[in-house]
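What follows is calculated from the coordinates using simple rules that are stated; it is not laboratory data. Keep in mind the model is a prediction, meaning the values are calculated, not measured. Quick reminder, even Gly has a Cβ in these numbers, built from the backbone with ideal geometry, and neighbours come from all protein chains shown.
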Amino acid sequence: MNFHAIRAIYRFEMARTFRTLMQSIASPVLSTSLYFVVFGAAIGSRMGDIGGVSYGAFIIPGLIMLSLLNESISNASFGIYMPKWAGTIYELLSAPVSYVEVVIGYVGAAATKSIALGLLILITARAFVPYHIEHPVWMVGFLILTSITFSLFGFIIGLWADDFQKLQVVPLMVVTPLTFLGGSFYSISMLPPVWQKITLFNPVVYLVSGFRWSFYGKADVNVFVSVGVTFGFMLLCLAIVWWIFRTGWKLKS
């Protein structure tokens with residue numbers, strides 16, 4: 001294992017974050033804070049509890065997950081797309097660095113940024129809504145697992161994209177709608193029975209449900225099912241990354 005190469009890629013990606021703090025950190029925190037103000041304070045004060053949890057506190061896991069998914073994908077996809085766009089990807093491919101080390105460097109940096117952002121949003125939420133965390137170890141575990149999984153997904157999008165516009169297609173047209181429809185702002189038990197069954201085909205439901213369970217001990221889906229679905233998606237992403245580097249798809253053409 002070439003730890004020097006992993007460290008070099010990781011430090012380069014982290015340095016890019018510090019050069020763009022307003023875009024990478026401040027902007028998502030500010031956007032999420034506005035959600036807390038509007039939905040938590042303004043609307044939440046006029047709504048009843050959901051499962052014994054105030055509405056403002058109920059949406060905290062969903063809002064963190066919304067930011068986490070988008071930022072994980074964005075950080076990882078942009079990180080690997082830039083070498084492709086600049087042409088330096090060929091230097092990386094010809095260097096004595098395996099694809100495993102490349103993935104660890106880029107995905108590790110993207111996941112680190114997302115975890116830091118999630119924790120920062122969690123701290124910021126305290127200024128708007130009181131909340132508690134029943135299972136802090138599970139909460140951190142879900143945070144790390146989700147960040148790594150969707151950073152891998154973003155890495156795949158960065159390899160697939162041919163231009164900057166394509167980097168935003170999947171996050172804006174697929175991930176964000178699925179997150180809004182995945183129980184971020186409501187419990188799927190509030191839906192009609194038919195829609196409850198349809199919603200279970202949305203993978204984000206399992207992420208939000210498991211993450212919310214770590215806060216309040218209440219979930220729409222069994223927590224072990226949530227963990228299993230997340231691990232399954234991560235393994236699928238790993239298999240796709242392996243196939244891309246094995247075949248050179250979108251890398252050598």
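Kirkwood hydrodynamic radius of segment 92-187 from all distinct Cα pairs, in Å?
15.8
How many lysine pairs in the chain, separated by 8 or more positions in sequence or lying on different chains, have Cα atoms less than 25 Å apart?
Number of lysine pairs found: 8.
Which order do 243, 138 fall in if you start with the one that has the fewest other Cβ atoms within 10 Å?
Working: 243 11, 138 18.
Least crowded to most crowded, the residues run 243, 138.
Given the DSSP H assignment, sum -39500 (n - 2.57) over each helix run of at least 4 residues in the chain and divide by its residue total; what's the result at 222 nm in deg cm²/dmol, nearest 500?
Rounded to the nearest 500, it is -22000 deg cm²/dmol.
Could you give me the ³J(HN,Hα) list for segment 66-71, computed from phi with Karplus coefficients 6.51, -1.76, 1.60 and θ = phi - 60°, whole Hz, x at Gly and Pro?
Taking θ as phi minus 60°, the curve returns 4, 5, 5, 5, 5, 6 Hz for segment 66-71.
Where is the GNM fluctuation largest for the chain (alpha-carbon springs, 10 angstrom cutoff): 238, 30, 191?
Greatest mean-square fluctuation among the candidates belongs to 191.
Once amide H atoms are built 1.01 Å from N in the peptide plane, which residues 5 or more positions from residue 50, or in another chain, come under 5 Å H to H?
Residues meeting the criterion, in which the H sits 1.01 Å from N, are 55.
Counting only C-alpha contacts under 8 Å and six or more residues apart, can you give the relative contact order of the chain as a whole percent?
Relative contact order for the chain comes out at 26 percent.
Could you give the angle, 0 to 90 degrees to the nearest 10, between helix 203-216's Cα long axis and the longest principal axis of the Cα atoms of the chain?
With both axes taken from Cα atoms, the answer is about 60 degrees.
Quick one: divide the alpha-carbon radius of gyration of segment 118-248 by 2.2 N^0.38 Å and tell me what you get.
In units of the globular-protein estimate, segment 118-248 measures up at 1.16.
Take the chain, connect every pair of alpha-carbon atoms lying under 10 Å apart with a spring to form a Gaussian network, then pick out the residue of 182, 154, 217 with the largest mean-square fluctuation.
For the chain, modelled as a Gaussian network with Cα springs under 10 Å, the answer is 217.
Can you tell me the mean projection area, over all orientations, of the convex hull of segment 1-129's alpha carbons? Units nm², please.
9.2
Relative to the longest principal Cα axis of the chain, at what angle does helix 136-160 sit, 0 to 90 degrees, rounded to 10?
Tilt of helix 136-160: around 40 degrees.
Using Cα atoms only, what is the angle between the long axis of helix 3-19 and the major principal axis of the chain, expressed in degrees (0 to 90) to the nearest 10?
With both axes taken from Cα atoms, the answer is about 60 degrees.
Comparing 178, 200, 152, which has the greatest mean-square fluctuation in the GNM of the chain with Cα pairs linked when under 10 Å apart?
200
Any idea what % of Cα-Cα pairs in the chain are farther than 28 Å?
That fraction is 34 percent.
Rounded, prolate or oblate: pick one for segment 139-213, where a ≥ b ≥ c are the square roots of the eigenvalues of its C-alpha gyration tensor, a/c under 1.5 means rounded, and failing that, prolate if a/b is larger than b/c, else oblate. Present the calculation step by step, with values, prior to reporting the outcome.
Numbers: a/c = 3.04, a/b = 1.56, b/c = 1.95.
Cα axes put segment 139-213 in the oblate bin.
I'd like the Karplus ³J(HN,Hα) series for segment 72-84: coefficients 6.51, -1.76, 1.60, θ = phi - 60°, whole numbers in Hz, and an x wherever there's a Gly or Pro.
These are the phi-based 3J(HN,Hα) values: 4, 5, 5, 4, 6, 5, 5, x, 8, 6, 4, x, 5 Hz.
Give the distance, in whole Å, between the Cα centre of segment 57-124 and the Cα centre of segment 3-21.
11
Can you compute 3J(HN,Hα) from phi for each residue in segment 235-244, using the Karplus curve 6.51 cos²θ - 1.76 cosθ + 1.60 with θ = phi - 60°, rounded to whole Hz and x for Gly and Pro?
Working through the residues one at a time gives 5, 4, 4, 4, 5, 5, 4, 4, 5, 4 Hz.
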